[in-house]
Amino acid sequence: QQPEHYAGWPTVTRCKNGDLWVVWSGGREGHVCPFGQVHAMTSRDNGDTWTWPRVLLDGAIDDRDAGVLETAKGTLIVSTFTSLAYEPIYEKAVKAGTWSPEKLARWRAVHERLSAEGRMAELGEWVIRSTDGGVTWSTRLPSIVNSPHGPIQLRDGRLLYAGKQLWTEEKRIGVAESLDDGQTWRWLSEIPTRPGDKVPRGYHELHAVEANDGR
């Protein structure tokens with residue numbers, strides 16, 4: 001229990017060896033803030049006890065949502081995305097002068113780690129990979145789309161990621177696929193919307209399952 005923190009949007013998976021992995025956006029002050037990190041912990045006794053949380057990823061801006069998957073090859077893949085949704089909140093608070101000096105200093109310290117251009121360059125949809133059971137992790141790899149619980153593996157071995165392009169002008173919803181165990185991703189197809197629906201504000205947080213008949 002860390003009551004001073006807001007822990008958001010977890011995903012859990014069971015590995016072939018029986019271990020449970022849970023990942024989430026931790027280190028947060030609230031639902032929208034600049035402090036998010038990708039956290040993880042594991043259980044080897046079916047969830048009765050858990051390891052102490054560890055930080056898998058801590059970028060220069062907010063790291064949000066976290067999905068986790070163990071592939072057929074035993075690779076752990078954790079998904080996340082980066083966001084600047086906190087900026088309007090921060091700018092409003094600066095103008096209003098309603099926050100305590102301590103809170104304002106915390107937010108300013110994170111916000112000013114990068115220039116405005118640097119912050120924009122940090123935006124993206126990402127996965128990180130571990131091929132040694134979570135001991136070490138890769139750098140961030142672009143995944144094209146994002147959704148909170150990440151990709152799935154199909155019976156044919158492909159990784160399929162149903163999600164949304166967050167930082168492109170089109171903001172399409174659709175699916176990306178990986179043919180190399182999550183190392184690279186390519187756009188596969190767009191998911192059509194209902195007539196009259198608007199993707200940017202109306203479609204979020206997709207997830208895919210493969211039915212028994214292959215659909």
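So here's what we get for this one:
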item	result
From the options GLU87, GLU70, GLU125, residue that is closer than 22 Å to ASN146 by Cβ, modelled with pLDDT of 95 or more and in contact with a Cys (Cβ under 9 Å, 6 or more places away or on another chain)	GLU70
Output for region 172-195, where each listed residue is open to solvent by 70 Å² or more (accessible area, probe 1.4 Å) and over 24 Å from ALA66 (Cα atoms)	PRO192, ARG194, PRO195
Filter pass, LYS92 being closer than 27 Å to THR11 by Cα and surrounded by fewer than 13 Cβ atoms within 10 Å (Cβ to Cβ)	no
Residue within region 84-92 that is of a type in the set (Phe, Trp, Tyr) and in contact (Cβ under 8 Å) with a residue 60 or more places away in the chain present	no
All positions within region 113-156 that are open to solvent by 40 Å² or more (accessible area, probe 1.4 Å) and either of a type in the set (Val, Ile, Thr) or within 13 Å of LEU69 (Cβ to Cβ) (or both)	THR131, VAL135, THR136, THR139, ILE144, HIS149, GLN153
Which numbered condition ALA176 misses (of (1) over 25 Å from ARG119 (Cβ atoms); (2) modelled with pLDDT of 95 or more)	(1)
Pair list, Cβ < 6 Å and 6+ apart or interchain, from region 102-129 residues that are small (Gly, Ala, Ser) to residues that are open to solvent by 50 Å² or more (accessible area, probe 1.4 Å) and part of a strand (DSSP E or B)	GLY124/PRO142
Filtered residue count, region 196-207, keeping only those that are more than 17 Å from the chain's Cα centre (by Cα) and open to solvent by 80 Å² or more (accessible area, probe 1.4 Å)	2
Region 22-54, residues that are in a strand (DSSP E or B), among the hydrophobic types (A, V, I, L, M, F, W, C) and either on the phi > 0 side of the Ramachandran plot or more than 13 Å from the chain's Cα centre (by Cα) (or both)	MET41
Criterion (in contact with a Ser or Thr (Cβ under 9 Å, 6 or more places away or on another chain), small (Gly, Ala, Ser) and farther than 27 Å from ASP180 by Cβ) met by exactly one of ALA40, ALA60, ALA66	ALA60
Residues that are assigned to a loop (DSSP other than H, G, I, E, B) and surrounded by 15 or more Cβ atoms within 10 Å (Cβ to Cβ), drawn from region 1-21	HIS5, CYS15, ASP19
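The values are calculated or read from the model by the stated rules, or taken from the named source; none is laboratory data. Computed from a predicted model, the values in this text were never measured in an experiment. Cβ coordinates were reconstructed from backbone atoms using ideal geometry, including for glycine residues, and neighbour counts include every protein chain displayed. Just the protein is used for accessible areas: all its heavy atoms, side chains included, with ligands, DNA and RNA removed. Shrake-Rupley method; radii C 1.70, N 1.55, O 1.52, S 1.80 Å.
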